[in-house]
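Novice: Take a look at the following structure, please.
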Amino acid sequence: MSKSLMFSVAYLVFSLPLWANEPSALLKTYVGLHKALAEDKVTEAQTLASKAHTQLVTFLKSTSSPSEALKKMRDGAEQISQSKTDLDTRKAFGLYSEGAVGFVKANEKLKTHWELFYCPMVPKGTFGYWVQPQGESLLNPYYGAKMLTCGVKRPW
């Protein structure tokens, strides 16, 4: 077995149980970005997206079979970090969030620590779902203060 394959297997074996008990670094950055948008701190969200993009690029290079969910998170983070307007930032969050939802959804243990929400007011063509740590008050990242509590909890 090659060293890189052994490293990847060891990383997954030892990391997955940690993800079940607390959010991974990728999801911690997601939460920070989500909260920044809910609080209308777009510049902060763009800075966090740049950090997330770097994390995701590094992680995806280290794995031999990257998931589509993480690729969407990477692409969404890049779009957010390069966005020019508030509207573009929030629209790009849809792609980033689509990846995060897929990432959590693919892991039964993670789902027990995260809740899924949906905003019915997002523009057509924008992914209107997001995840939040279980038990936290609903905060809408797509509209921020304008519609901070607009959203519906959805089952996994």
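The values are calculated or read from the model by the stated rules, or taken from the named source; none is laboratory data. Computed from a prediction, not measured in an experiment: that's the story for all the values here. Ideal geometry is used to build each Cβ from the backbone, glycine not excepted, and the neighbour counts take in all protein chains shown.
Novice: Could you grab the pairs with beta carbons closer than 8 Å, sequence gap of 6+ or different chains, first residue in the range 85-110 and within 15 Å of W130 (Cα to Cα), second one among the basic types (K, R) and surrounded by 21 or more Cβ atoms within 10 Å (Cβ to Cβ)?
Specialist: Pairs found: L95/K72; Y96/K72; E98/K72; G99/K72; G99/R74; G102/K72.
Novice: Would you please name the residue that is surrounded by the fewest Cβ atoms within 10 Å (Cβ to Cβ), looking only at residues in the range 108-140 that are in a loop (DSSP other than H, G, I, E, B) and in contact with an Asp or Glu (Cβ under 9 Å, 6 or more places away or on another chain)? Show your work before the answer.
Specialist: Taking the range 108-140 first, the residues in a loop (DSSP other than H, G, I, E, B) are 112-113, 119-128, 134-140.
Next, from what is left, pick out any that are in contact with an Asp or Glu (Cβ under 9 Å, 6 or more places away or on another chain): 113, 127, 134-136, 138-139.
Working: H113: 18, F127: 20, Q134: 10, G135: 7, E136: 12, L138: 16, L139: 17.
Among those that are in a loop (DSSP other than H, G, I, E, B) and in contact with an Asp or Glu (Cβ under 9 Å, 6 or more places away or on another chain), it is G135.
Novice: Can you tell me how many residues within the range 64-75 are surrounded by 14 or more Cβ atoms within 10 Å (Cβ to Cβ) and either on the phi > 0 side of the Ramachandran plot or touching a residue at least 12 places away in the same chain (Cβ under 8 Å) (or both)?
Specialist: Here the count works out to 8.
Novice: Now for a different question. Is it the case that G144 is at positive phi, out of contact with any strand residue (DSSP E or B) (no Cβ under 8 Å at 6 or more places or on another chain) and not charged (D, E, K, R)?
Specialist: So G144 passes the test.
Novice: Out of contact with any His (no Cβ under 9 Å at 6 or more places or on another chain), closer than 14 Å to T29 by Cα and assigned to a helix (DSSP H, G or I), is that true of E44? Talk me through it step by step, then tell me what you get.
Specialist: Working: out of contact with any His (no Cβ under 9 Å at 6 or more places or on another chain): yes; closer than 14 Å to T29 by Cα: yes; assigned to a helix (DSSP H, G or I): yes.
Here the answer is yes, as E44 does meet what is asked.
Novice: While we're here: Filtering the range 78-100 down to residues that are in contact with a helix residue (DSSP H, G or I) (Cβ under 8 Å, 6 or more places away or on another chain) and among the hydrophobic types (A, V, I, L, M, F, W, C), which residue is nearest to L48 (Cα to Cα)?
Specialist: The extreme case among them is I80.
Novice: Restrict the check to the range 138-148 and report whether at least one residue is closer than 17 Å to L26 by Cβ, among the aliphatic types (A, V, I, L, M) and in contact (Cβ under 8 Å) with a residue 12 or more places away in the chain. Outline the logic, then answer.
Specialist: Here is the first cut: in the range 138-148, the residues closer than 17 Å to L26 by Cβ are 141.
Within this subset, residues satisfying the condition of being among the aliphatic types (A, V, I, L, M) are none.
The answer is no; no qualifying residue exists.
Novice: Residues in the range 26-37: is at least one at pLDDT below 90 and out of contact with any Pro (no Cβ under 6 Å at 6 or more places or on another chain)?
Specialist: yes
Novice: Continuing with the same structure: For the structure I just gave you, tell me whether K91 is within 14 Å of the chain's Cα centre (by Cα), among the charged types (D, E, K, R) and more than 21 Å from Q46 (Cβ to Cβ).
Specialist: Values: within 14 Å of the chain's Cα centre (by Cα): yes; among the charged types (D, E, K, R): yes; more than 21 Å from Q46 (Cβ to Cβ): no.
When the stated conditions are applied, K91 does not pass them.
Novice: Given the condition within 19 Å of N140 (Cα to Cα), among the polar types (S, T, N, Q) and in a helix (DSSP H, G or I), answer yes or no: does some residue in the range 93-103 qualify?
Specialist: Yes: one or more hits.
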